[in-house]
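Take a look at the structure set out below.
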Amino acid sequence: MLRTEKLAVQRGARTVLADIDLELQPGEVLGVLGPNGAGKSTLLGALCGELQPSCGQVLLDQRHLGDWQGAERARRLAVLPQTSTLNFAFRVEEVVAMGRLPHASGRLRDAQIIHEALQAADATHLAGRSYLALSGGERQRVHLARVLAQLWPGGEGQVLLLDEPTSMLDPLHQHTTLQATQAFAGQGAAVLVILHDLNLAARYCDRLLLLDGGRAHALGRPEQVLRAEPLQAVFGLEVLVQRHPVRGHPLIVAR
């Protein structure tokens, strides 16, 4: 599975990520939290091979990530960046179909997977529409369907990396998106998701990595990480941490 050893990334003379030891587990949603500039997107960039480590290494199944080439890597690793831009009037299905390019599964199977991925992203009703006519939140859900289709139906050995997939979504679709992510992990894939909402992270993530200044401040289950002291130390925010009355996970309330 995907893991890092003593990972560090520099931008010019500045170290923006340092000493990150992390392993993504099959069937798990790992949430990454931290203030702006903490190194969250840099970590994702290193995990997908977009950024080269200045120190340490990223391994996928004991092989250096850089040794995985082209379609072989794309069948194992999919990435949803913060912003995905397309300037052509593709139909929604055509955008999702881009996720199937690493595969040779045939038109009928691809069409079935595109439909199922759109269903998972709660975007079936957008089929047939021009991508350019969609709102920001609708586009975000279409791109979620695209990366789900790339790895569909998910399974052990596959990795999905999501950078703030709920940033443009209304409250309902924040939950449907993370439910889809959780269900995808339930098929055996390892999922890493960058989030800003602490309560969404508490509800949907199995483990959390709390970054501060490019370093790991805490790593563990939500109840281990989402405590008043580390949250105040990292975010400078005084909070009350209670237990959710129905689900039992941490519930964070700003003082």
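Among the strands (runs of 3 or more DSSP E) confined wholly to the stretch 156-227, which include 1 or more residues that are buried (at least 17 other Cβ atoms within 10 Å of the Cβ) and free of Cβ contacts under 8 Å to residues at least 40 places away in the same chain? Step through it out loud before you land on a result.
Numbers: elements: 159-163, 190-194, 207-212, 215-220.
Those strands (runs of 3 or more DSSP E) span 215-220.
Do the conditions hold for ARG203, that is, is it at pLDDT 95 or above and among the charged types (D, E, K, R)? Yes, satisfied. Would you confirm whether any residue within the stretch 116-123 is buried (at least 16 other Cβ atoms within 10 Å of the Cβ) and closer than 18 Å to GLY34 by Cβ? For the stretch 116-123, residues buried (at least 16 other Cβ atoms within 10 Å of the Cβ) and closer than 18 Å to GLY34 by Cβ: absent.
Here is a yes/no grid of residues against (1) of a type outside the set (S, T, N, Q); (2) under 30 Å from SER54 (Cβ atoms):
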residue: ARG215; (1), (2): yes, yes
residue: GLU223; (1), (2): yes, no
residue: GLN232; (1), (2): no, no
residue: GLY248; (1), (2): yes, no
residue: LEU251; (1), (2): yes, no
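Note on the stretch 114-152: residues that are in contact with a helix residue (DSSP H, G or I) (Cβ under 6 Å, 6 or more places away or on another chain) and farther than 22 Å from HIS175 by Cα total 2. Exactly one residue out of GLU28, GLU93 is under 19 Å from the mean Cα position of the chain (by Cα) and either within 21 Å of GLY157 (Cβ to Cβ) or not aliphatic (A, V, I, L, M) (or both): that is GLU28.
Pull up the stretch 228-243, narrow it to residues that are in a helix (DSSP H, G or I) and either of a type outside the set (Asp, Glu) or at pLDDT below 95 (or both), then point me to the one that is surrounded by the most Cβ atoms within 10 Å (Cβ to Cβ). Checking each candidate, the answer is LEU231. Looking at the stretch 18-33, is at least one residue closer than 28 Å to ILE113 by Cα and polar (S, T, N, Q)? Yes, the stretch 18-33 has at least one match.
Of the numbered conditions (1) modelled with pLDDT of 95 or more; (2) among the aliphatic types (A, V, I, L, M); (3) exposed (fewer than 14 other Cβ atoms within 10 Å of the Cβ), ALA104 satisfies every one except a single condition; which is it? The number of the failed condition is (1). Tally up the residues in the stretch 1-49 that are without any contact (Cβ under 8 Å) to a residue 12 or more places away in the chain and more than 23 Å from VAL234 (Cβ to Cβ), please. The number of residues fulfilling the criteria is 2. Evaluating SER105 against the criteria (1) free of Cβ contacts under 8 Å to residues at least 12 places away in the same chain; (2) assigned to a helix (DSSP H, G or I) leaves one unmet condition, (2).
The values are calculated or read from the model by the stated rules, or taken from the named source; none is laboratory data. Keep in mind it's a predicted model, so treat the numbers as computed, not measured. Heads up, the Cβs are rebuilt from the backbone with ideal geometry, glycines too, and the neighbour counts pull from every protein chain shown.
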